[in-house]
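Scroll down for the structure; my scribbles are underneath it.
The values are calculated or read from the model by the stated rules, or taken from the named source; none is laboratory data. Quick caveat, the model's predicted, so the values are computed rather than measured. Because the Cβ atoms are built from the backbone with ideal geometry, glycine has one as well, and the counts that use them run over all protein chains shown. For accessibility, only protein heavy atoms count, side chains too; no ligands or nucleic acids. Shrake-Rupley method; radii C 1.70, N 1.55, O 1.52, S 1.80 Å.
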Amino acid sequence: MTNRLKQTTILAAAGAIAVMSVVPATAQEADRVLKFAHVYETSEPYHTCAVDANAALMEATENRYGIEVFPASSLGKEVDINEGLGLGTVDIIYTGQLFAGRAYGPIAIGGAPYMFRDYDHWEAFTKSDLFGELSQGYTDATGNHIVAMTYYGNRHVTSNKPITSPADMEGLKIRVPNAPLYMMFPEATGGNPTPIAFAEVYLALQQGTVDAQENPLPTIQAKKFYEVQSNINLTGHITDALLTIVGGPTWDSMDAADQEALTGVLQDTAVCATDAIRSSEAELAQWFRDEGVTVNEVDRGPFIEAVKAMHNGDMATWDQETYDKLQAIGQ
């Protein structure tokens, strides 16, 4: 080998080592890989922030644990991944409060329509003793552990006609997630709630199986619902959030230090996604208008009055005391 060839080979090897040194560690390099499942798209902050959590957890646990994220219902629909927590087939999930409420009713109160006055009320709830009590109640009922709450956004109705009053909801066949309390808003306003799995909503709208759906603006953008719906109606009927839950079998197999490390990383992940959602939510109404979608401002007052009548009715999975405590937060 000539001296020049030797030098080239040495330089190439050094360059390869340098490249390798800046490549982040993959979850598979950890002693144990935790499966983090959700139903959202890879473009959404819930996913991108969760992917970033792997490096943070590997560092915090000295490579004992890593995280592999499974997006877009790849490990099952929301009901499936909730069930998977107890079976040990998934380790961590994002899930709506109303899905968690299937196992422990009171935790669903945070996902009920018009339960919060505004974002500040919601944020105060997430830091409250009440939320801590509800999370412990969920753990007692399921063995699983709620470790964080991520802001999902204000849910709005999309449709192919303007909806600016409860009368416009009359008879509207609207897709809702497959959890009973999502039916409260449509039923209170005369709509016809139709549960359909998240991954099937676009096609259902496109084919006219349903007339409408409801989700926050970032989700409407990510799932491209605006391509098959001409109107976005700013009903803001649910200040929604995702719970980050660690399955009981996974939690119980970890020592206290690693439980604490995992909790810290997942709470940071929640902050990451919350900040991104709040930022995009503030800009998206105009983005949709620029795309040619009609965005309708809505007087929420009549909608709120219609729904409040059902807050402690037959559909409620909480008691009056819990409701009163929540309403008193921040007053």
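Of note:
- Under conditions of 4 °C and 1.567 mPa s, region 214-331 yields 72 µm² s⁻¹ as its translational diffusion coefficient, taking Rh as the Kirkwood radius over Cα pairs in the Stokes-Einstein equation.
- Shown for region 55-108: the carbon plus sulfur share of the solvent-accessible area, taken with all protein chains present and a 1.4 angstrom probe, equals 49%.
- Taking every C-alpha pair closer than 8 Å and separated by at least 6 residues, the mean separation divided by the residue count of the chain gives a relative contact order of 23 percent.
- Take every Cα pair under 8 Å whose residues are at least 6 apart in sequence, average their separation, divide by the length of region 229-331, and the relative contact order is 46 percent.
- Accessible surface ranking that places the most exposed of R300, R117 first, with a 1.4 angstrom probe: R117, R300
- Taken along its three principal axes, the alpha carbon spread of the chain comes to 85, 48, 35 Å, from the longest extent down to the shortest.
- Each other residue within a Cβ distance under 14 Å of D255 adds +1 if Lys or Arg and -1 if Asp or Glu, for a net charge of -3.
- Charge dipole of the chain about the Cα centre (unit charges at C-beta), most positive-ward option of V201, A103, N296: V201
- Look at the dipole of the chain built from charges on Cβ: of T26, L262, Y323, the Cα furthest out on the positive end belongs to T26.
- Accessible-area value, K161, 1.4 Å probe, nucleic acids and ligands omitted, Å²: 80
- Potential lengthening between D314 and A282 on full extension [0.36 nm per residue; Cα-Cα distance subtracted]: 8.0 nm
- Beta-bridge orientation, region 102-228: approximately 35 percent antiparallel, per DSSP, counting only bridges with both partners inside.
- The residues packed around A306, meaning those with a beta-carbon under 11 Å from its beta-carbon, carry a net charge of 0 if Lys and Arg are +1 and Asp and Glu are -1.
- Accessible area per residue, Å², region 179-299 with all protein chains present, probe 1.4 Å: 38
- Lys, Arg +1 and Asp, Glu -1 on Cβ, resulting dipole of region 133-220 about Cα centre, debye, nearest 20: 220
- In this structure the amide hydrogen of T235, modeled in the peptide plane, comes within under 5 Å of the amide hydrogens of V157, none closer than 5 places in sequence on its chain.
- Applying a threshold of 30 Å to the alpha-carbon distances of K35/K308; K77/K173; K161/K223 flags K35/K308 as lying beyond it.
- Here the Gaussian network model covers the chain, with springs between Cα atoms less than 10 Å apart; of Y94, Y152, Y138, Y138 fluctuates the most.
- Helix 256-290 axis, angle to the chain major axis (alpha carbon atoms, nearest 10°): 60
- Accessible area per residue for region 25-157, computed on protein heavy atoms with a 1.4 Å probe, is 37 Å².
- Sequence-distant lysines (8 or more away, or on other chains) whose Cα lies within less than 20 Å of K127: K325
- Fraction of beta bridges assigned by DSSP in the chain that are antiparallel (%, nearest 5): 55
- Rounded percent of accessible protein surface that carbon and sulfur make up, region 180-331, 1.4 Å probe: 47
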